[in-house]
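Engineer: Once you've had a glance at the structure underneath, I'll fire off some questions.
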Amino acid sequence: ALVYAQLGSPAVFDFVPAQQAAGHEGMTREEFSALVDKLVDRIDADPSDPTGWQMLTRSYVILGDAKRAEAAWQRLGAKVPDNADVLVDWADLLVVAQSGKFEGDPQRLIDRALELEPAHPKGLALAGTAAFDAGDYAGAAAAWEKVLVQVPPNDEIYASVLGGINEARSRAGMPAFQPSPASMPAPPAPAEGVPPMAAGPSATEA
């Protein structure tokens with residue numbers, strides 16, 4: 001869950017409250033909702049532009065309306081373009097609309113996104129969470145390990161991803177994941193004017 005929150009989609013699990021959406025660009029919530037409906041119509045007429053799809057998913061996040069997102073998917077889903085970003089964003093919203101369940105369209109969209117882009121980080125994060133929820137802890141660890149290699153070691157979420165991997169490995173009865181030395185965070189640089197500590201004995205000890 002922590003890995004998903006960090007890399008899957010923090011937005012959809014932290015929906016902007018409805019009253020905040022009312023202040024978007026000075027519009028009321030009703031006015032913003034009307035624009036979203038017009039965007040659905042535009043995508044229905046010309047579904048080939050991935051930007052429109054991404055705008056639509058983000059609009060539903062702003063509105064905090066997963067049910068309307070699901071209804072839009074029922075209307076537009078057959079027209080979704082083969083774009084990994086679009087596919088995982090919709091999978092994400094549908095998981096929320098289905099109360100956290102990955103079965104059906106969400107899993108199909110994730111699988112298709114990873115066919116298109118096997119290293120897609122959000123797709124892998126979602127795939128790992130789906131596997132974890134299904135009790136496939138080895139599969140979850142394998143997916144999240146592919147995410148970890150894309151995260152800079154000094155990034156603040158590196159430890160969270162590694163923790164999720166080892167939680168999954170532990171549940172699968174597997175040994176803890178050991179990152180290669182090259183991927184470990186670098187030690188802090190010594191303060192200016194202070195020489196680094198010598199590896200051998202000090203001059204006095206010698």
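The values are calculated or read from the model by the stated rules, or taken from the named source; none is laboratory data. Keep in mind the model is a prediction, meaning the values are calculated, not measured. Cβ placement follows ideal geometry from the backbone for every residue including glycine, while neighbour counts extend to all protein chains displayed. Side chains included, ligands, DNA and RNA excluded: accessible areas come from the protein's heavy atoms. Shrake-Rupley method; radii C 1.70, N 1.55, O 1.52, S 1.80 Å.
Engineer: Pick out the one residue from GLY64, GLY104, GLY77 that is on the phi > 0 side of the Ramachandran plot and touching a residue at least 12 places away in the same chain (Cβ under 8 Å). Reasoning before the result, please.
Structural biologist: On the way: GLY104 fails: touching a residue at least 12 places away in the same chain (Cβ under 8 Å); GLY77 fails: on the phi > 0 side of the Ramachandran plot.
Of GLY64, GLY104, GLY77, the one residue that is on the phi > 0 side of the Ramachandran plot and touching a residue at least 12 places away in the same chain (Cβ under 8 Å) is GLY64.
Engineer: Please go through the range 97-114 and give me each residue that is closer than 12 Å to LEU126 by Cα, open to solvent by 20 Å² or more (accessible area, probe 1.4 Å) and assigned to a helix (DSSP H, G or I), ordered by number.
Structural biologist: Answer for the range 97-114, where residues must be closer than 12 Å to LEU126 by Cα, open to solvent by 20 Å² or more (accessible area, probe 1.4 Å) and assigned to a helix (DSSP H, G or I): GLN107, ARG108, ASP111, LEU114.
Engineer: Filter the range 13-42 for residues that are at pLDDT below 50 and not aliphatic (A, V, I, L, M); which is surrounded by the most Cβ atoms within 10 Å (Cβ to Cβ)?
Structural biologist: Narrowing the range 13-42 to residues at pLDDT below 50: 13-23.
From what's left, not aliphatic (A, V, I, L, M): 13-15, 17, 19-20, 23.
Numbers: PHE13: 14, ASP14: 11, PHE15: 17, PRO17: 9, GLN19: 8, GLN20: 12, GLY23: 12.
Across the range 13-42, the extreme among qualifying residues is PHE15.
Engineer: Please state which one of GLY128, GLY139, GLY173, GLY135 is outside any helix (DSSP H, G or I), open to solvent by less than 60 Å² (accessible area, probe 1.4 Å) and at pLDDT 95 or above. Break it down into steps so the answer makes sense when it comes.
Structural biologist: Numbers: GLY128 fails: outside any helix (DSSP H, G or I); GLY139 fails: outside any helix (DSSP H, G or I); GLY173 fails: open to solvent by less than 60 Å² (accessible area, probe 1.4 Å).
Exactly one residue qualifies, and that residue is GLY135.
Table: residues versus (1) under 14 Å from the mean Cα position of the chain (by Cα); (2) under 30 Å from LEU162 (Cβ atoms).
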residue	(1), (2)
ARG29	no, no
ASP37	no, no
ASP46	no, no
PRO50	no, no
VAL80	no, no
VAL86	yes, yes
ARG112	no, yes
GLY128	yes, yes
ASP136	no, yes
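Engineer: Find all pairs meeting these conditions: Cβ atoms under 7 angstrom apart; at least six residues apart or on different chains; first residue within the range 150-179 and touching a residue at least 60 places away in the same chain (Cβ under 8 Å); second residue among the aliphatic types (A, V, I, L, M) and open to solvent by 70 Å² or more (accessible area, probe 1.4 Å).
Structural biologist: Taking only residues 6 or more apart or on different chains, the pairs are SER160/LEU2; GLY163/LEU2; GLY164/LEU2.
Engineer: To continue, here is another question. Restricting to the range 88-99, count the residues that are within 14 Å of the chain's Cα centre (by Cα) and among the small types (Gly, Ala, Ser).
Structural biologist: Residues flagged as within 14 Å of the chain's Cα centre (by Cα) and among the small types (Gly, Ala, Ser) within the range 88-99 amount to 1.
Engineer: Being assigned to a loop (DSSP other than H, G, I, E, B) and surrounded by 19 or more Cβ atoms within 10 Å (Cβ to Cβ): is that true of VAL161 here? Spell out the reasoning first.
Structural biologist: Working: assigned to a loop (DSSP other than H, G, I, E, B): no; surrounded by 19 or more Cβ atoms within 10 Å (Cβ to Cβ): yes.
No: the conditions fail for VAL161.
Engineer: Of the conditions (1) in contact with a helix residue (DSSP H, G or I) (Cβ under 7 Å, 6 or more places away or on another chain); (2) surrounded by fewer than 21 Cβ atoms within 10 Å (Cβ to Cβ); (3) farther than 18 Å from ARG108 by Cβ, PRO81 fails just one. Which one is it?
Structural biologist: (3)
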